[in-house]
Amino acid sequence: MTEKLRVAVIGAGRMGADHVDRIQHRINGAEIAAVVDVDLARAEAAVAGVPGAVALTSAEEALNNGDVNAVLVATPGFLHEDILHAALAKGFPILCEKPLTPDAASSLRIVQAEAALGRKLIQVGFMRRFDSEYMALRNIIEERGLGELLMLHHQHRNPDTLPGFTNEMLINDSVVHEFDAIRYFTGEEISSVQVRMGKRTRTAPEGQNDPQHVLIETESSVLADVEIYVNAKFGYEVATQATFEDGIVNIGNDSGPYIRTQGRWGGQVTPGFIERFGAAYDVEIQAWVDAALRGGIGGPSAWDGYATAACCEAGVKAQKTGAKTAVVLVEKPALYAEAPTAMGELRGAASLP
Ligand SMILES: NC(=O)c1ccc[n+]([C@@H]2O[C@H](COP(=O)([O-])OP(=O)(O)OC[C@H]3O[C@@H](n4cnc5c(N)ncnc54)[C@H](O)[C@@H]3O)[C@@H](O)[C@H]2O)c1
C-alpha cells in the first residue's frame, strides 16, 4: 500500500472540520488532499492553511482526483450510502462517521458490497471504543477478574438539543453510541430493545418525550439500561456503571481539579462531546490511518455499523409500541468473523486494583 494516506474529507461541518484539523496537525501518516462540501465556503475555510489541499463541492470529483487515496465521510448520515459505494468501488480505505447509513437495509447493502470485495475497507466512527476508560472496562470484562459481567447501566445526558431533534433522533443519533458500546463491552450482539417513556421534562420541545429509558438484552442475557436525557441542562455526561459478580466499576464520571473556595467545593462539568471524547477521536483516526497503511481497518467495521442500525430500527419501533422488540440480524459474512485486530493492541492495561 501507499506510504501516506491522502485523505478527502467529505462534509466540512462540525465533525468534518474537526477531523481536517486533527489529520493535518496531530495524525502521522496522513494528509488532507481535498475537502468537499456543498457549501464551498465551508470547504475553503477547512483547507485554508493546508498546503496542496483543494476545496470542492462534489464527492465524485474528489474520488476521481488523482491525488486522493482515502476518504473520511462526515456528511449527514442519509448521504453516506452513495459515497460509500463509490469509495468502495475505488478500493479506498474509508473512515465513515456514524451512522454507517440511517437504516439496516442500506447498511446491509454496504456490508454485502464490502464482503463481495473480500476485504475490509470501512471503519465506522464509533470513537468511544478508543476512549481509555472504555478500553479499561472492556479489559476488566474480558479478564473476568471481577467475575462475570451481569448488568450495564448507561447514562447519556446532553445539556440541550438543536431545534428539530425528534424522538427518533434520541435513538438514532444518541443511543446508537450506547448500542455500540454495549456490543463492544460484551462482545455480543444485542437481542432485544424496549423503550419506556415516563415523565417529560418541561424543556423538552413539542413532540419530544425526554428523558427515555431504553432496556437492552444481549445474547447471553446481560441486561443493560440507558437513561437518554437530551435536555439535561447541567452539562454533558456519558457514563457507565458495570455490575459484576464480585464488584462494581464506574467510568465516565467527571474528574479533574477538585476545588474548595469561598465556602464551596466542586469542579468542572464537561461541556460537550468534543471535550469528553477529543482524545478518543485522535486515537481513533490514528488507528484508522495506521491500519489503512497496512491494508486493513483499525476499529469497528461495516458489520458493526449494520448491527447498530438494526438496533436503532428496533429501538424506534419499540418507542412506538412500548413492547420488547427483537433485533434480527442476517448471518454474519465470513469477512467479519474476527474482531478487529487493532482493538487488541489498543486496549492497554487493565485497571483492576
Ligand atoms: N462520532 C461522533 O461523536 C459524532 C458526533 C457528531 C456527529 N457525528 C456524525 O458526523 C456526521 C456529520 O455530522 P456533523 O455534526 O458534522 O454535521 P454538520 O451538519 O455540522 O456537517 C455536515 C456537513 O455536510 C455538508 N454536506 C451536506 N450535503 C453534502 C453533500 N452532498 N456533499 C458534501 N457535503 C455535504 C453540509 O454542508 C455540512 O457542512 C454525521 O454522520 C453525524 O452523525 C458523529
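Values as computed for the structure displayed
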item: Elements of type strands (runs of 3 or more DSSP E) in segment 208-327, at least 2 residues being touching a residue at least 60 places away in the same chain (Cβ under 8 Å) and away from the ligand (no atom under 16 Å from the Cβ); result: 212-218, 223-229, 237-244, 247-251
item: Single match in ALA8, ALA55 (criterion: assigned to a strand (DSSP E or B), farther than 23 Å from ASP290 by Cα and within 14 Å of the ligand (Cβ to nearest atom)); result: ALA55
item: Segment 9-22 residues that are closer than 19 Å to PRO51 by Cβ, paired with ones that are within 8 Å of the ligand (Cβ to nearest atom) and of a type in the set (Lys, Arg) (beta carbon under 8 Å, 6 or more apart); result: ALA12/ARG42; ALA17/ARG42
item: Qualifying position, being at positive phi and at pLDDT 95 or above, among GLY256, GLY252, GLY298; result: GLY252
item: Residue check for ILE32: in contact with a helix residue (DSSP H, G or I) (Cβ under 7 Å, 6 or more places away or on another chain), of a type outside the set (Gly, Ala, Ser) and either at pLDDT below 95 or more than 9 Å from the ligand (Cβ to nearest atom) (or both); result: yes
item: Qualifying position, being in a loop (DSSP other than H, G, I, E, B) and either in the same structural domain as GLU237 (by TED's automatic domain parsing) or free of Cβ contacts under 8 Å to residues at least 60 places away in the same chain (or both), among LEU170, LEU162, LEU88, LEU84; result: LEU162
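For (1) within 26 Å of ARG14 (Cα to Cα); (2) surrounded by 11 or more Cβ atoms within 10 Å (Cβ to Cβ), each residue gets a yes or a no:
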{"residue": "ARG202", "(1), (2)": "no, no"}
{"residue": "PRO205", "(1), (2)": "yes, yes"}
{"residue": "THR218", "(1), (2)": "no, yes"}
{"residue": "GLU227", "(1), (2)": "yes, yes"}
{"residue": "ALA232", "(1), (2)": "yes, yes"}
{"residue": "ASP254", "(1), (2)": "yes, yes"}
{"residue": "ARG260", "(1), (2)": "no, no"}
{"residue": "THR270", "(1), (2)": "yes, yes"}
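The values are calculated or read from the model by the stated rules, or taken from the named source; none is laboratory data. On a predicted model such as this, the values are computed, not experimentally measured, just so you know. Neighbour counts are summed over all protein chains in view; Cβ atoms, including those assigned to glycine, are modelled from backbone coordinates with ideal geometry.
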